[in-house]
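Working notes, beginning with the structure itself.
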Amino acid sequence: MDFRMELMMSQRWTDTRLVFPDDFFENTERFVLPIEFIDLIWHPDPFFANAKSTDVGQLTQRLINIYIYKNQTVIYSINLFATIACAMQFQYYPYDFQLCPTVIESFSYDETLVKYSWSPVAPFTIDPKLRLLQFVVTYPLRTEECTIHRDNQARNFSQLVAYFRFDRLLGNHLIQTFSPCCLVVSLTWFSFWLELDAVSARVSLLVTAMLTLVTQFSGLKLDFPPVAYAKAVDLWMAMCLCFVFAALGEFVVVKVIYSLTEDVKATVAKAEENRIIGNEQEVLSTTSNTLPMTSRFSAQAGV
């Protein structure tokens, strides 16, 4: 994970070995050293210690500019394109911000020869027209001047560090991720108003919603570097899937309970019907047993 930036890096130092006649300055305090003489004067050799690649900007020639002042001060400016590695953390993605250091270090001159320090006045200037698609770049939260020890050379080297903060913009995720998920989950709630016997309509609605969320989740992961931990957006998608699955589970549970209730009602109704039929048969049996006795008693009375 990295970010690429274009910058104009300026270095200032004083070299007492530089001596020029006064006519070089032509009544000014400085003059521009021609490009063909740039490699003939001494200059420090900084490099980006955490850069993946660094290129010097050029059009018809390398974009390097050197001003030399009367007081033997040299300002060396160069246009660079650098790809800086950054160990980004995505646990709170897309509500995250990234803090990325930019490390400038002396390559061959140790601390006894070259000592770097930030400019006391505006060490950084960010183009106010700079616009990124997903981030807002803020000025460095802090700058550091430190020394690093290289074991293979047994020497200490001067180092400068600047920490840039990238705040992620949420507009794209609100439109592409959160709003569609909310609509799909809300759509599943319409299944609660469908008739219980509309099994095909309910199942089709819920399964389609779940497949839509899975497809959206898969497309979201394609645009994201793989990491070994769960992100905030993963939890969001998991909760959306849980809501849809809960709606499907609710339908299954209600259907089963309704079926069991209908079976119990049928059993009770059958038992009640059998009880009524039994009572009717008992009444008929009692009536048939009573009629012969009545006839016999009537016959005896007649005699």
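Scattering from the C-alpha atoms of the chain alone, worked out with Debye: what is log10 I(q)/I(0) at q = 0.07, 0.11 1/Å?
-0.57, -0.89
Using each residue's phi in the stretch 70-83, evaluate 6.51 cos²θ - 1.76 cosθ + 1.60 at θ = phi - 60° and report the 3J(HN,Hα) Karplus result to the nearest Hz, with x for Gly and Pro.
Values per residue, Gly and Pro as x: 4, 7, 6, 8, 10, 10, 10, 10, 9, 8, 10, 10, 10, 9 Hz.
For the chain, with a Gaussian network of springs between Cα atoms less than 10 Å apart, report the residue from 31, 157, 81 with the top mean-square fluctuation.
The residue that fluctuates most here is 31.
Hey, any idea what % of the stretch 205-255's accessible area is carbon plus sulfur with a 1.4 Å probe?
Reported share for carbon and sulfur atoms: 81 percent.
Quick check for you: with a 1.4 Å probe and neighbouring chains kept, what is the accessible area per residue of the chain, in Å²? Can you show the working numbers first?
Values: 20070 Å² over 303 residues.
Dividing the accessible area of the chain by its residue count gives 66 Å².
With a 1.4 Å probe and every protein chain left in place, tell me how much accessible area residue 241 has, in Å² to the nearest 10.
Accessible area, nearest 10 Å²: 50 Å².
Would you mind telling me the share, in percent, of accessible area of the stretch 1-113 contributed by carbon and sulfur at probe 1.4 angstrom?
Result for the stretch 1-113: 55 percent of the exposed heavy-atom area is carbon or sulfur.
Please report the spacing between the Cα centers of the stretch 18-92 and the stretch 138-205 in Å, no decimals.
Distance between centres, Cα-based: 38 Å.
Enumerate the calculated ³J(HN,Hα) couplings along the stretch 147-152 in order (Karplus 6.51 cos²θ - 1.76 cosθ + 1.60, θ = phi - 60°), each rounded to whole Hz, writing x wherever the residue is Gly or Pro.
Ordered by residue, 3J(HN,Hα) equals 10, 10, 9, 9, 5, 6 Hz.
Using Cα springs under 10 Å in a Gaussian network model of the chain, which residue among 127, 45, 96 shows the largest mean-square fluctuation?
127
Using θ = phi - 60° and the Karplus curve 6.51 cos²θ - 1.76 cosθ + 1.60, what whole-Hz ³J(HN,Hα) does each residue of the stretch 212-221 get, with Gly and Pro shown as x?
4, 5, 4, 5, 5, 5, 5, x, 5, 6
Non-local amide H neighbours of residue 49 (under 5 Å, H modeled in plane, Pro and chain starts lacking H): which ones?
So residue 49 has HN proximity to 103, 104, 105.
What residue among 115, 270, 221 shows peak mean-square fluctuation when the chain is described by a Gaussian network model with Cα springs under 10 Å?
Among 115, 270, 221, the largest mean-square fluctuation in the Gaussian network model of the chain belongs to 270.
The values are calculated or read from the model by the stated rules, or taken from the named source; none is laboratory data. In this text, all values refer to a predicted model and were calculated from it rather than measured experimentally. Ligands, DNA and RNA are stripped out before the accessible areas are found, and what is left, the full protein with its side chains, is counted by its heavy atoms. Shrake-Rupley method; radii C 1.70, N 1.55, O 1.52, S 1.80 Å.
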